[in-house]
Amino acid sequence: MRKAFISPTKYVQGEDELLNLGYFVKSFGDSALLIAHPDDVQRVKAKLDATAEKFNITFVESGFKGECSREEVARLQEIAKEKGCDSTIGLGGGKAIDAAKCVAEGEALIICPTIAATDAPTSHSAVLYTPEGAFDDYAYFKQSPSVVLVDTTVIANAPTRFLVSGMGDALSTYFEARATAKSYSRVNASLPMGSREGYTPSAVSTNAALALAKLCYEMLLTDGAKAKVASDSNVVTQALENIVETNILLSGLGFESGGLAAAHAIHNGLTVLEGTHHYFHGEKVSFGTIAQLVLENAPTEELHEVMDFCLAVGLPVSLADIGVETITQEELIQVAEIACIPEESIHAMPFPITVPEVAAAIAAADRIGREYKARQEAK
């Protein structure tokens, strides 16, 4: 059986690690195009100036406009060409990181997340949007980033909600990888590196990916609540270090090489509901994970364990927790229909999927979550 696994060339994490950024830039040349929101640049300017001076390198600031669109990518690539940049740096959150991936096209790419809100930094994929912010397309590149450099001091000083959202995204990793392994479904790691000509992307997950996904879940249960306390206090502890690694590395390798299933597809369906628009990706994935467990009729003990974790760190367990106080049957069906479109990851579940069953699982998960939360609060 054909299997596939993909990962960054190097992952480095630690306190004040941005002070070593110049070392990695130097491995490619003397200059790098810096793609980052001005606010993120300002947050770490002292470190950028210090590492540039120490390693005698130049950061070419791009004036990133905030949207990872085809037009913005073309503009940034032109700057990189004009200035002769030897590498590309994506610093900040998801859109700056995705824009950097698109500009670099799999070559000499350094990713520096300033929040641990998603598992995107390690992947070889990006999401393109229109200049107005609407979804455009997915893009896949020759390889994952050359370097993922994570400064935990910066992340500890970011709003805690980002870290918790990252835990919500990471929460789905094991359950989706487990389902994908059972169904022998294709994983993102099997998608073509560059040209698609003559390539059939049909490989399943490795044992290594499933093991990493399981470790991801175990680390959340062990250190998630303690990491939240550290983040609330803006300090770096071993628990925070463990959860940053969990959110970014373990979840990143787990989702791309282990596979996605119902949780992320249900997340995608939920985005049609206006109430969810003010909530982060990982917060919606958290509820999607509970819905997936209901859909597969997971053991009650496992479902309770997941909800206990969510309540301990402040993740959603019901639709009301993601801004949907009421939902009609028609809206439920609409969410389920989007989650079940032919190309969605929900079809990696190890049994046939139907729209009515998915709608029922969402409704049941909502009630289970609301009632469980009420019981726990009443204790």
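The values are calculated or read from the model by the stated rules, or taken from the named source; none is laboratory data. Worth saying up front: this structure is predicted, and the values here are computed from it rather than measured. Don't worry about glycine lacking a Cβ; one is built from the backbone with ideal geometry, like all the others, and counts go over all protein chains shown. Remember, those area values only see protein heavy atoms, side chains included, never the ligands or the DNA or RNA. Shrake-Rupley method; radii C 1.70, N 1.55, O 1.52, S 1.80 Å.
The table below lists the values:
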read-out	value
Unmet requirement for Leu149, which otherwise passes all of (1) of a type in the set (A, V, I, L, M, F, W, C); (2) touching a strand residue (DSSP E or B) at 6+ places or on another chain (Cβ under 6 Å); (3) open to solvent by 10 Å² or more (accessible area, probe 1.4 Å)	(3)
Subset of the stretch 301-333 (residues that are of a type outside the set (A, V, I, L, M, F, W, C) and out of contact with any Ser or Thr (no Cβ under 9 Å at 6 or more places or on another chain))	Glu301, Glu302, His304, Glu305, Asp308, Ser318, Glu325, Thr326, Thr328, Gln329, Glu330, Glu331
Hits in the stretch 254-274 - residues which are modelled with pLDDT of 95 or more and either in contact with a Phe, Trp or Tyr (Cβ under 6 Å, 6 or more places away or on another chain) or open to solvent by 20 Å² or more (accessible area, probe 1.4 Å) (or both)	Phe255, Ser257, Leu260, His264
Residues satisfying the stated conditions in the stretch 128-146, i.e. open to solvent by 20 Å² or more (accessible area, probe 1.4 Å), in a loop (DSSP other than H, G, I, E, B) and more than 20 Å from Lys284 (Cβ to Cβ)	Thr130, Pro131, Glu132, Phe141, Lys142, Gln143
Residues within the stretch 345-360 that are over 18 Å from Tyr184 (Cα atoms), in contact (Cβ under 8 Å) with a residue 40 or more places away in the chain and either over 24 Å from the mean Cα position of the chain (by Cα) or open to solvent by 60 Å² or more (accessible area, probe 1.4 Å) (or both), tallied	1
Search result, residues across the stretch 107-127 that are in a strand (DSSP E or B), more than 15 Å from the chain's Cα centre (by Cα) and in contact (Cβ under 8 Å) with a residue 60 or more places away in the chain	Ile110
Conditions (1) among the aromatic types (Phe, Trp, Tyr); (2) touching a Lys or Arg at 6+ places or on another chain (Cβ under 9 Å); (3) open to solvent by less than 10 Å² (accessible area, probe 1.4 Å); number of the one not met by Phe175	(2)
Positions within the stretch 39-71 being under 22 Å from the mean Cα position of the chain (by Cα), without any contact (Cβ under 8 Å) to a residue 60 or more places away in the chain and outside any loop (DSSP other than H, G, I, E, B), in sequence order	Asp39, Val41
Residues of the stretch 1-48 classified as over 19 Å from Lys83 (Cα atoms) and open to solvent by 60 Å² or more (accessible area, probe 1.4 Å), total	17
Matching residues in the stretch 200-233 - criterion: being loosely packed, with under 14 Cβ neighbours inside 10 Å and part of a loop (DSSP other than H, G, I, E, B)	Thr200, Ser202, Ser233
Filter result (in contact with a Lys or Arg (Cβ under 9 Å, 6 or more places away or on another chain) and at pLDDT 95 or above) within the stretch 35-63	Phe55, Asn56, Ile57, Thr58, Val60
Candidates Thr180, Thr114, Thr118 - the one that is under 22 Å from Leu315 (Cα atoms), at pLDDT 95 or above, buried (at least 24 other Cβ atoms within 10 Å of the Cβ) and β-branched (Val, Ile, Thr)	Thr114
Condition met for Ala104 (within 24 Å of the chain's Cα centre (by Cα), under 21 Å from Gly133 (Cβ atoms) and open to solvent by less than 40 Å² (accessible area, probe 1.4 Å))	no
Condition check for Ser165: in contact (Cβ under 8 Å) with a residue 60 or more places away in the chain and part of a loop (DSSP other than H, G, I, E, B)	no
Tally of residues being part of a loop (DSSP other than H, G, I, E, B) and over 22 Å from the mean Cα position of the chain (by Cα) across the stretch 20-38	4
Candidate set: the stretch 312-344, residues that are touching a residue at least 40 places away in the same chain (Cβ under 8 Å), more than 29 Å from Asp223 (Cα to Cα) and in a helix (DSSP H, G or I); chosen: the one most open to solvent (accessible area, probe 1.4 Å)	Glu337
